1. Tell me which of these A:T69 doesn't satisfy, since it passes every other one: (1) among the β-branched types (V, I, T); (2) open to solvent by less than 30 Å² (accessible area, probe 1.4 Å); (3) within 14 Å of chain B (Cβ to nearest Cβ).
2. In the stretch A:9-21, what count of residues is obtained for those that are closer than 20 Å to A:T69 by Cα and either surrounded by 20 or more Cβ atoms within 10 Å (Cβ to Cβ) or among the small types (G, A, S) (or both)?
3. Taking the condition farther than 15 Å from A:T42 by Cα, open to solvent by 10 Å² or more (accessible area, probe 1.4 Å) and touching a helix residue (DSSP H, G or I) at 6+ places or on another chain (Cβ under 8 Å), does B:E24 pass?
4. Tell me which strands (runs of 3 or more DSSP E) are completely within the stretch B:9-95 and hold 1 or more residues being among the β-branched types (V, I, T), out of contact with any Phe, Trp or Tyr (no Cβ under 6 Å at 6 or more places or on another chain) and free of Cβ contacts under 8 Å to residues at least 12 places away in the same chain, or say none if there are none.
5. Could you please find all residues in the stretch B:39-94 being among the hydrophobic types (A, V, I, L, M, F, W, C) and in contact with a helix residue (DSSP H, G or I) (Cβ under 7 Å, 6 or more places away or on another chain)?
6. Test A:I5 against the stated conditions and say whether it is within 14 Å of chain B (Cβ to nearest Cβ), open to solvent by 20 Å² or more (accessible area, probe 1.4 Å) and hydrophobic (A, V, I, L, M, F, W, C).
7. Quick check on this structure: which one of B:T73, B:T9, B:T42 is modelled with pLDDT of 95 or more, over 24 Å from A:E55 (Cβ atoms) and either out of contact with any Ser or Thr (no Cβ under 7 Å at 6 or more places or on another chain) or aliphatic (A, V, I, L, M) (or both)?
8. Here are the criteria: (1) in contact with a Lys or Arg (Cβ under 9 Å, 6 or more places away or on another chain); (2) facing chain A (nearest Cβ under 10 Å); (3) of a type outside the set (S, T, Y); (4) open to solvent by 30 Å² or more (accessible area, probe 1.4 Å). Tell me which single one B:P81 does not satisfy.
There are 2 protein chains.
Amino acid sequence: MIAVIAVMTVKDGSGAEFEAVVAELAAQVRANEEGTPLFQLTRSKADPNIYKFMELYRDGDAIKAHASTEYFTAAFKAMAPLLVGEPQIEYLDAL
Amino acid sequence: MIAVIAVMTVKDGSGAEFEAVVAELAAQVRANEEGTPLFQLTRSKADPNIYKFMELYRDGDAIKAHASTEYFTAAFKAMAPLLVGEPQIEYLDAL
């Protein structure tokens, strides 16, 4: 399995909108991607503008399937204007 | 729910032993802690000495229950000599 920790920082005041976009994305992932057993948004307690996604994928194909969906593309488009800087995406081996 | 991302760096050559200790701990967590729906070890692809735990707890009580078990104490004792520096434990709100 492959794990992903993705870190995104949002602009002040954009948290609620960001969380709504991600809630919709997460619901789509759960409904459509049996190769994605975990897609969990978390919010830093130290800085509420920092969000960390905890994700697990069965394999590389599951990641490709995830990233090629319409709902993923739409969510990323909606998130982009809310972000400060680029998302940091880290891939790890899930043991 | 509360999320935890814990980062630990091991000494060169200690990875296999560390992974064995954590595998045992993870099995105990899964068998005994229904308040801990996720306890996932991951290993950085960039630096295989860096491990990141992805954890989810139902609430603060679940974290306390987890940290007060004998198997947790024993695992931490076994991990300590394998580590470089202190573990970095980050608590986040799981949304």
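1. The one condition A:T69 does not meet is (3).
2. Going through the stretch A:9-21 one residue at a time, the tally reaches 2.
3. On the way: farther than 15 Å from A:T42 by Cα: yes; open to solvent by 10 Å² or more (accessible area, probe 1.4 Å): yes; touching a helix residue (DSSP H, G or I) at 6+ places or on another chain (Cβ under 8 Å): yes.
Taking the combined requirement at face value, the residue satisfies it.
4. none
5. Listed by number, the residues that qualify are B:F39, B:L41, B:F72, B:A75, B:A78, B:M79, B:L82.
6. It is false that A:I5 is within 14 Å of chain B (Cβ to nearest Cβ), open to solvent by 20 Å² or more (accessible area, probe 1.4 Å) and hydrophobic (A, V, I, L, M, F, W, C).
7. Numbers: B:T9 fails: over 24 Å from A:E55 (Cβ atoms); B:T42 fails: over 24 Å from A:E55 (Cβ atoms).
After ruling out the rest, the residue left standing is B:T73.
8. Looking at each condition in turn, B:P81 falls short on (2).
The values are calculated or read from the model by the stated rules, or taken from the named source; none is laboratory data. Since this is a predicted model, take the numbers as computed values, not measurements. Cβ: placed from backbone, ideal geometry, glycine included. Neighbour counts: every protein chain shown. Surface accessibility is based on the protein's heavy atoms, side chains included, excluding ligands, DNA and RNA. Shrake-Rupley method; radii C 1.70, N 1.55, O 1.52, S 1.80 Å.
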